[in-house]
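What follows is a single structure, written as structure tokens, with notes after it.
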Amino acid sequence: MTDRNYIRTIMQLALSFCLVLFSVNTMAQCAGTDKTVIICAKDADDANKTFDLFTQLGGAPTPGGTWSTNDPANFYALDRVNGIVNLWEVKNSGLHEFTYTNTCGGVNESATVTINLGGYPGEDNIDGSADACGDDPRVNLHSYIGDETEGKFQDFNGSWAAVTPEAAPYLSLNFFDAESAGPGIYEFTHTVPAVGSCPSREARLLLEVQRPAHSGIGSNLTVCTTDDLSGYTDYDLNDLLADEDINGTWSEGPNTDQLSDLTDHLIDIQAIRDRHTFGSYTFTYTVYPSHAVCDIHRSQVEIIILPTFRGTMNASNYCSGATKYQIDISDYDDTLISDGTYNISYALTSASNTATGDSELVLLNDKTGFFEIDANLITVNENTTLSITTLGDEVCADIEVTPISLLVSDPKATVTDTCENEDLSVSLSTIFDPSLNPANGTYDVAYSITPPSGTKTTYQASAVSFNSGNANFTIPASQISETGEHTFSFEVDNGFPLDCELTDTAMITPIPEAIDLNLLVDNSCDATSIDVVVSAPTLADGTYMVTYEVVSQETNAVLINNSINFNGGTADYEIDVATLEQGNYTVTVKSSQNDTTPCRTEFDFEVSENFAVEGIPAMPEAEAQQTFCLAAFTPESPTLQDIVVSANGEILFYETATDMDILPLDTELVDGEDYFISNIDPNNNCEGSDRIQVTITLSDPEKPTLLNANPTFCGSENPTVTDLNTSLTSNGEIVWYESASDGTALEDNTSLIDGKSYYAATEINGQCQSSGRIEIIPTVYALEPASLEFSTLALCGLDNPTIENLRDAESNNAYDVLWYDTAENGTPLDESELLITGTVYYAESYNPDTGCMNPDRIAITVDLTNCNPEDYGFFIPDGFSPNGDGRNDTFFIPNIEVIFPEFTLEIINRYGATLFKGDRNNPAWNGKNGNSTAPNGVYFYIIDYNKEGHNPVQGRLYLNR
């Protein structure tokens with residue numbers, strides 16, 4: 001082979017390899033290759049609004065793929081179909097990646113265009129047109145450096161700096177506290193950082209803080225209806241203001257008619273009083289700012305004319321025993337105060353006591369009224385002065401009601417029981433004269449007598465002598481016609497008139513028949529003889545019978561019976577019990593008499609005695625060591641009757657084993673003390689000879705130790721009484737109550753109530769609690785839920801509204817409001833976070849002072865289509881050039897998808913054929929007619945905005961390649 005042929009062969013092989021390699025690369029690069037682009041001054045070229053990424057790809061990409069970005073900030077700036085990106089909508093400088101994906105022989109291939117995007121700091125604003133008001137604590141500096149060019153906005157990742165040193169302390173991010181800085185001119189710079197070869201850039205801002213209007217701090221003037229207002233006929237309203245600007249004007253409400261013009265600031269308060277009597281009247285001081293950037297300020301003052309209470313108090317003369325006493329009001333001046341209910345305070349003063357109380361005064365429309373006073377505040381039997389001290393803030397403190405004297409007394413009448421046909425002794429005590437002093441001198445006493453038959457009669461005792469409120473007199477026996485219990489009522493004429501009855505009862509005893517019987521048992525526990533003694537010395541001549549019998553208590557059988565006959569006087573008989581066997585017995589002696597012995601109390605007489613033959617009761621039984629928990633007896637203490645003893649008959653307690661003095665059952669137990677117990681058989685009255693011993697232990701655990709008397713909780717946490725346990729320590733279990741003593745223990749899940757007292761006791765082994773309790777008063781913070789003015793907030797998405805804009809929907813909430821994008825849980829949203837149309841946001845009330853929140857969230861939906869086209873330079877292009885040069889390659893209408901999200905677009909040719917139909921999902925026409933290319937020329941568009949107030953439009957456009 002010649003050299004020429006060899007070379008030709010080598011070249012052919014190389015060419016074949018290149019063709020194969022070219023074919024493989026072509027298959028592998030249908031998405032193109034990665035490429036990096038540097039754009040420094042994106043704002044300098046309108047073409048950057050339609051930057052064609054496809055033309056930036058390396059290699060030989062083929063059309064038909066799709067574009068994507070992993071940066072959500074660039075999502076709406078990118079046309080994912082044709083790869084057009086609006087770099088003016090990319091508001092952060094730095095690296096931005098856009099990926100093109102295409103299918104190569106059934107395999108997805110991707111290539112990335114990386115744009116090193118230089119920063120845009122905004123435009124200088126140093127011509128004196130930037131103004132802020134000196135009462136604004138959050139001036140957004142970004143709002144002063146925007147460009148008026150459609151779509152041109154400064155970057156978000158720039159930084160603000162204060163050139164004027166005095167402004168630095170009040171600058172935070174892009175917000176300037178003009179209120180703290182005060183009026184003046186301040187210079188700032190907004191700087192975007194260098195990006196690769198793109199330099200750092202800055203914009204300057206001269207901000208003038210204008211002085212706000214100051215309408216001052218208003219105060220109120222309060223006078224009384226009855227005051228001398230002659231010194232207020234030319235009152236200067238300016239005297240009720242402090243720190244106000246002097247260039248303000250006064251205005252008034254509809255009912256005063258005091259100000260003649262805007263220069264007038266003098267009013268006649270006496271004339272207002274004479275016209276309206278009383279009321280509250282508002283005057284407003286208005287100051288306009290020197291610059292329109294500040295708001296008008298207004299301050300209000302109140303002229304308050306309080307009504308005056310003038311009238312007369314009347315009181316009855318009360319007797320003790322009631323819980324309340326009514327005081328009547330008469331002849332109150334209804335021209336000075338209207339009828340209704342008032343909160344009243346009063347004072348009670350006597351020689352030994354001074355007390356105050358509160359009540360409700362009810363004034364009726366007939367010039368009368370009443371209120372009640374607390375009986376517990378009054379000292380009985382002492383002259384007491386009652387005065388009204390106040391009717392609250394709604395009524396003048398100068399109460400023109402003369403104090404009165406009243407008396408709550410405890411009068412007593414005592415009538416002594418007596419026998420039939422005898423005079424009755426009467427004593428009266430604690431009686432007062434009309435001057436409220438103890439009665440002295442002579443008074444007539446009227447009284448009534450009501451016998452058992454119910455026939456009431458009235459009498460009078462004249463000139464009864466009283467000394468220091470006490471008196472004695474006699475009711476003649478002739479005025480008593482019946483025996484039995486009588487009721488007596490008394491009234492001291494010309495004395496202190498009582499508002500209660502002075503009564504007593506007395507028994508008039510008839511003359512009875514009687515006989516005195518007695519049994520004398522020599523030994524009730526082991527009787528050997530029983531004497532029956534009869535004494536009837538006043539009996540008339542005659543024969544009388546006395547019977548006696550002895551009955552077995554075990555069988556009720558009558559073992560001995562007999563009758564005694566005698567002729568008055570006395571008698572003594574012995575019952576023979578020697579034949580009775582061992583056991584318990586009852587001996588009974590009876591007599592029925594009918595004699596003339598005066599004032600006897602019984603007609604039939606019977607006397608019984610229990611006795612035994614060889615009878616001694618069994619010993620009592622009891623635990624030798626008994627423990628008592630003091631808390632179970634609070635506020636009392638355990639006594640002897642609380643000792644657990646089992647015995648037959650009456651139980652007796654002694655201090656020692658040999659002591660003969662029986663202890664009372666109400667004797668309080670002493671810790672560690674020994675007590676000795678015996679018993680008496682009720683059938684024979686025999687007491688046992690032996691005693692048992694019981695030792696007492698009194699248990700009282702130590703009450704809890706207080707750590708925090710006033711713990712705080714959030715109402716949203718639903719705190720219960722168990723949450724109070726951390727506020728104290730205890731050597732046992734903790735039990736909670738609602739009272740300092742007694743009461744029922746609270747369940748663990750009992751909810752806490754704000755300001756309510758809870759009391760803790762220590763409980764040992766679930767048995768004994770401490771008698772002392774510790775008080776804790778918790779504070780439970782409760783918040784009202786957040787409130788909103790409306791449920792949907794309409795904004796314009798082109799303004800890039802943030803969470804801060806949701807504040808416009810808040811009503812007058814008492815606390816701070818946090819915003820969430822979830823109905824519950826979640827994290828509060830930052831105020832700078834952009835709003836998303838259609839998203840539901842939730843407002844939650846939050847108190848930063850307590851850290852408490854109300855979990856009930858209020859929802860609001862955001863609509864970002866509320867854009868006025870004229871405000872945003874909305875226009876329809878009249879042509880485009882789809883030549884693939886990356887500039888103006890499609891016909892689309894800027895921002896139409898935001899302003900008119902429901903729009904439709906139709907492109908027709910001059911023959912009326914439709915070439916393209918678009919909407920927000922397909923907003924741009926690329927100059928195609930199906931798969932063919934539309935020729936140069938004039939076409940027509942029809943746009944239906946599908947928004948109220950905007951009619952469909954049509955027009956023409958020119959296609960020029």
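The values are calculated or read from the model by the stated rules, or taken from the named source; none is laboratory data. These numbers were taken from a predicted model, which means no experiment stands behind them. Positions of Cβ are generated from backbone atoms using ideal geometry, with glycine treated the same way; all protein chains shown enter the neighbour counts.
Numbers for the structure displayed
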| item | result |
| --- | --- |
| Failed item, numbered, when Glu574 is tested on (1) modelled with pLDDT of 80 or more; (2) more than 26 Å from Ser535 (Cβ to Cβ); (3) of a type outside the set (Val, Ile, Thr) | (2) |
| Qualifying residues in the stretch 234-262 (those that are of a type in the set (Gly, Ala, Ser) and assigned to a loop (DSSP other than H, G, I, E, B)) - the one farthest from Gln300 (Cα to Cα) | Ser260 |
| Filter result for the condition that a residue is crowded, with 18+ Cβ neighbours inside 10 Å and either among the hydroxyl-bearing types (Ser, Thr, Tyr) or closer than 30 Å to Cys500 by Cβ (or both), over Leu364, Leu348, Leu306, Leu336 | Leu348 |
| Residue check, Phe628 touching a residue at least 40 places away in the same chain (Cβ under 8 Å) and more than 60 Å from the chain's Cα centre (by Cα) | no |
| Any hit, the stretch 452-459, residues being surrounded by 14 or more Cβ atoms within 10 Å (Cβ to Cβ) and modelled with pLDDT under 95 | no |
| Ser489 vs. criteria at pLDDT 80 or above, in the same structural domain as Ser427 (by TED's automatic domain parsing), in contact with a Pro (Cβ under 8 Å, 6 or more places away or on another chain) and surrounded by fewer than 19 Cβ atoms within 10 Å (Cβ to Cβ) | no |
| Count of the stretch 286-322 residues which are among the aromatic types (Phe, Trp, Tyr) and not in a strand (DSSP E or B) | 2 |
| Count of the stretch 674-701 residues which are surrounded by 14 or more Cβ atoms within 10 Å (Cβ to Cβ) and either acidic (Asp, Glu) or touching a Lys or Arg at 6+ places or on another chain (Cβ under 7 Å) (or both) | 6 |
| Filter result for the condition that a residue is under 59 Å from the mean Cα position of the chain (by Cα) and either under 30 Å from Ile329 (Cβ atoms) or in a strand (DSSP E or B) (or both), over Ala463, Ala471, Ala413 | Ala413 |
| Residues located in the stretch 771-805, provided they are of a type in the set (D, E, K, R), in contact (Cβ under 8 Å) with a residue 40 or more places away in the chain and assigned to a loop (DSSP other than H, G, I, E, B) | Arg773, Glu784 |
| Per-region count, the stretch 201-233, residues in contact with a strand residue (DSSP E or B) (Cβ under 6 Å, 6 or more places away or on another chain) and either part of a helix (DSSP H, G or I) or farther than 28 Å from Arg310 by Cβ (or both) | 16 |
| Options Leu652, Leu665: the member that is part of a strand (DSSP E or B) and either in contact (Cβ under 8 Å) with a residue 24 or more places away in the chain or on the phi > 0 side of the Ramachandran plot (or both) | Leu652 |
| Hits in the stretch 52-86 - residues which are closer than 16 Å to Thr890 by Cβ, of a type in the set (A, V, I, L, M) and not in a strand (DSSP E or B) | Leu53, Ala77, Val81 |
| Residues that are among the polar types (S, T, N, Q) and either in contact (Cβ under 8 Å) with a residue 60 or more places away in the chain or within 18 Å of Ile777 (Cβ to Cβ) (or both), drawn from the stretch 730-751 | Ser739, Ser741, Thr750, Ser751 |
| Yes/no for Thr277 being buried (at least 16 other Cβ atoms within 10 Å of the Cβ) and out of contact with any Phe, Trp or Tyr (no Cβ under 6 Å at 6 or more places or on another chain) | no |
| Condition check for Asp79: surrounded by fewer than 20 Cβ atoms within 10 Å (Cβ to Cβ) and at pLDDT 90 or above | yes |
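Let's see how each residue does on (1) within 30 Å of Tyr958 (Cα to Cα); (2) in contact (Cβ under 8 Å) with a residue 12 or more places away in the chain; (3) not assigned by TED's automatic domain parsing to the domain that holds Leu905:
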site	(1), (2), (3)
Ser811	no, yes, yes
Glu833	no, yes, yes
Asp849	no, no, yes
Pro855	no, yes, yes
Pro877	yes, yes, no
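Yes/no per residue for (1) assigned by TED's automatic domain parsing to the domain that holds Leu53; (2) assigned to a strand (DSSP E or B); (3) touching a Phe, Trp or Tyr at 6+ places or on another chain (Cβ under 8 Å); (4) touching a residue at least 40 places away in the same chain (Cβ under 8 Å):
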site: Pro894; (1), (2), (3), (4): no, no, yes, yes
site: Val898; (1), (2), (3), (4): no, no, no, yes
site: Leu905; (1), (2), (3), (4): no, yes, yes, no
site: Gly912; (1), (2), (3), (4): no, no, no, no
site: Gly918; (1), (2), (3), (4): no, yes, yes, no
site: Ile942; (1), (2), (3), (4): no, yes, no, no
site: Gly955; (1), (2), (3), (4): no, yes, yes, yes
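Residue-wise test of (1) surrounded by fewer than 19 Cβ atoms within 10 Å (Cβ to Cβ); (2) closer than 13 Å to Ile84 by Cβ; (3) out of contact with any helix residue (DSSP H, G or I) (no Cβ under 6 Å at 6 or more places or on another chain).
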{"site": "Gly886", "(1), (2), (3)": "yes, yes, no"}
{"site": "Asn909", "(1), (2), (3)": "yes, no, yes"}
{"site": "Ala913", "(1), (2), (3)": "yes, no, yes"}
{"site": "Lys917", "(1), (2), (3)": "yes, no, yes"}
{"site": "Arg920", "(1), (2), (3)": "yes, no, no"}
